[in-house]
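Every read-out reported here was derived from the displayed coordinates using simple, explicitly stated rules and does not represent laboratory data. All values reported here derive from a predicted model rather than from experimental measurement. Positions of Cβ are generated from backbone atoms using ideal geometry, with glycine treated the same way; all protein chains shown enter the neighbour counts.
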Amino acid sequence: MAQGDGHGERLSRDQERAIATLLVSPNYVDAARKLRVHTNTLRTWTRQPAFATAYAEAREELLSKTIAKMQKSLFAVTEALTRDLTNKDPAVRHRAAELLLNATLKGTETLSLAQRVTDLESLQAEDE
């Protein structure tokens, strides 16, 4: 396979396997061991534009899917914590209240910041 400028290049099967393995491995050493390649091979591949791009896209997709799965569970988590607010054990009630309060504050701050960014981008677009 010829190495070019990174555009339109196809990865080898080993490189595709390497990306999948890197996504589930804690580090290069572990991934290289699982793939039965030298760690330097992985490091060399990560410097190749086509591999680096494909790896970055795979990581982004994994993160997106993980966040979506977590978001789907938020309702159940909130319900469980809300139920814990009526637990007989004061420590359980206080911990549930603390978790709900902190999550609510962070969520509110995030939404507020997102709105501010949207507003600023709108203002900037109007000025252009």
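Out of the residues in region 15-30 that are assigned to a helix (DSSP H, G or I) and small (Gly, Ala, Ser), state the one that is farthest from Glu57 (Cα to Cα).
Restricting to residues being assigned to a helix (DSSP H, G or I) and small (Gly, Ala, Ser), the top hit is Ala18.
Please give the number of the condition Ser12 fails out of (1) within 24 Å of the chain's Cα centre (by Cα); (2) hydroxyl-bearing (Ser, Thr, Tyr); (3) surrounded by fewer than 17 Cβ atoms within 10 Å (Cβ to Cβ).
(1)
Of everything in region 34-78, what is exposed (fewer than 13 other Cβ atoms within 10 Å of the Cβ) and of a type in the set (D, E, K, R)? Give them in sequence order.
Those that are exposed (fewer than 13 other Cβ atoms within 10 Å of the Cβ) and of a type in the set (D, E, K, R): Arg36, Arg43, Arg47, Glu57, Glu60, Glu61, Lys65, Lys69, Lys72.
Among the residues of region 17-43, count how many are out of contact with any helix residue (DSSP H, G or I) (no Cβ under 9 Å at 6 or more places or on another chain) and more than 25 Å from Thr66 (Cβ to Cβ).
1
So in region 53-65, with the set limited to residues that are closer than 21 Å to Ser12 by Cβ and among the acidic types (Asp, Glu), which one is farthest from the chain's Cα centre (by Cα)?
Of everything passing the filter in region 53-65, Glu57 is farthest from the chain's Cα centre (by Cα).
Could you say which residue among Val92, Val37 is assigned to a loop (DSSP other than H, G, I, E, B), free of Cβ contacts under 8 Å to residues at least 24 places away in the same chain and touching an Asp or Glu at 6+ places or on another chain (Cβ under 8 Å)?
On the way: Val92 fails: assigned to a loop (DSSP other than H, G, I, E, B).
Exactly one of Val92, Val37 is assigned to a loop (DSSP other than H, G, I, E, B), free of Cβ contacts under 8 Å to residues at least 24 places away in the same chain and touching an Asp or Glu at 6+ places or on another chain (Cβ under 8 Å), namely Val37.
Of the residues Ala103, Ala50, Ala68, only one is more than 17 Å from the chain's Cα centre (by Cα) and farther than 21 Å from Leu11 by Cβ; which?
Answer to the check: Ala103.
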